[in-house]
1. Tally up the carbon and sulfur contribution to the accessible surface of the stretch 216-308 as a whole percent, 1.4 Å probe, everything protein left in place.
2. Which one of PHE306, ALA294, SER168 has its Cα pushed farthest toward the positive end of the charge dipole of the chain, where Lys and Arg give +1 and Asp and Glu give -1 at the Cβ?
3. Using the Cα centre as the reference, give the magnitude of the dipole from point charges on the C-beta atoms of the stretch 135-200 (Lys, Arg: +1; Asp, Glu: -1; all else neutral), rounded to the nearest 20 debye.
4. Per residue of the stretch 318-331, what does 6.51 cos²θ - 1.76 cosθ + 1.60 with θ = phi - 60° give for ³J(HN,Hα)? Whole Hz please, x for Gly and Pro, Karplus curve as stated.
5. Hey, what's the stretch 302-374 come to in accessible area per residue, 1.4 Å probe, Å²?
6. Rank by packing, highest mean first: peptides 311-324, 146-159, 226-239, with packing defined as the count of other Cβ atoms within 10 Å averaged across residues.
7. At 7 Å along Cα-to-Cβ for each site, give me the label-to-label distance between ALA11 and ASP36 in nm.
8. Please report the relative contact order for the chain, taking Cα pairs under 8 Å with a sequence separation of at least 6, and give it as a percent rounded to a whole number.
Amino acid sequence: MTAIKKTGGLAGVIAGQTALCAVGGEGAGLSYRGYDIDDLSDNASFEEVAYLLIAGHLPNRGELDEYIAKLKSLRGLPDPVKQVLEIIPANAHPMAVLRTGVSILGNLEPEGDFANQVLVADRLLACLPSMLLYWHRFQTDGERIDVETGDDSVSGHFLHMLHGKRPSELHRKSLDTTLILYAEHEFNASTFTARIIAGTLSDFHSAVSGAIGALRGALHGGANEAAMALIEKFSSPEEAIEGVLGMLGRKEKIMGFGHRVYTTSDPRNSVNKKMAEVLADEAGDTHLYVVSEAIEKVMWDQKKIFANADFFAATVYHFMGIPTYLFTPIFVCSRISGWSAHIMEQRADNKLIRPAADYIGPGPQKFVPIEERH
Ligand code: COA
């Protein structure tokens, strides 16, 4: 019998191969198809990065213009999708809204042949922000917004629909940068979910709906919302330090900290932190940023646990006037690029993903008829 190695949460298990992303080399580092994340966040747009992940190379000018025009043409929502969004209650979780939105779209515009997969990927990347903000604005202001704005970028489209006006370049660029940082991260829980579903030869929309469900949890994408809730609890750095020490003493987890793969830092954090500081200055903030810094310091001093990508992304979004409950859905609007690329990569060399389990239940039992059971 083959010996089974115990690996809680599959930690450290190589579960497949990917050419999309290298993560955690020597405890740090993140690159998409060989391009370092710092280079991409400094020099590229989210659309260039999405193209890189999905098409396999950085686009030239003509390819990028064509891709942007295509995404713009795919932002519209069919009437039945709008009708479904309108009946989802205002107190629903926006991640459930996106999960339903993808599902209904999969019924109206089924993928059919896998040869259509790139079109489905483009369609979802283009219209996820439309679904989210159509629902949000309908439920909060009763407005049926036009989801086909003239903005070129996903970030501009998102903020325009949210606030009803074109965003400042600082806000658009900051959101764009967080989309780049969130776009791809190897075999994280939601991506692995998407690959498992794709591995059964199911359709694209099913794989993405499942991935959205996995991303929602507080141990994964939901951490950015939980981080904001924590930061907002404290009115000063001193209070934050005391509060976090108390939580650590009670063995509570501090959301937005720690990582399964990185050991000393999350390479996305310094970029988010810099943006959070700039946006805090712009907003004239006097406490949220310093409270965040105090939490980061006490976590490092006490536990040597570092802030991950979600922690300062939360303050970046807050200072752009984005409601907290939309933070994790923004992650979806970005990660759809990585999920799509992984679904395609899985399909290109498919093998059903079906691991084994170590049975720890009772030994053989004699069946007892129901009349004789106590
Ligand atoms: N706050 C407090 N303690 C933490 C912690 C955190 N955010 N993250 C890890 N730890 C501690 C655990 O309590 C555990 O301590 P113990 O060995 O004394 O029991 C140890 O570090 C290992 O943590 P564990 O949860 O087992 O590691 P993991 O690899 O399974 O966890 C995460 C990775 C991301 C799930 C974990 O760090 C976490 O829950 N972070 C908060 C949620 C979050 O921000 N998620 C987004 C990730 S990008």
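The values are calculated or read from the model by the stated rules, or taken from the named source; none is laboratory data. For clarity, every value in this text was computed on a predicted model and none was experimentally measured. Because the Cβ atoms are built from the backbone with ideal geometry, glycine has one as well, and the counts that use them run over all protein chains shown. Note: areas computed on protein heavy atoms with side chains; ligands, DNA, RNA excluded. Shrake-Rupley method; radii C 1.70, N 1.55, O 1.52, S 1.80 Å.
1. On the way: 2540 of 4710 Å².
The nonpolar share, carbon plus sulfur, comes to 54 percent.
2. Among PHE306, ALA294, SER168, the one farthest towards the positive end of the dipole of the chain is PHE306.
3. Values: 7 positive and 10 negative charges, 26 e Å.
Using only the charged Cβ atoms, the result is roughly 120 debye.
4. 3J(HN,Hα) across the stretch 318-331, in whole Hz: 4, 6, 8, x, 8, x, 4, 6, 9, 5, 5, x, 4, 4.
5. Per-residue accessible area for the stretch 302-374 comes out at 54 Å².
6. Numbers: 311-324: 23.6, 146-159: 20.6, 226-239: 17.5.
Those peptides, ordered most packed to least, come out 311-324, 146-159, 226-239.
7. So the label points at ALA11 and ASP36 sit 2.9 nm apart.
8. Relative contact order, the chain: 22 percent.
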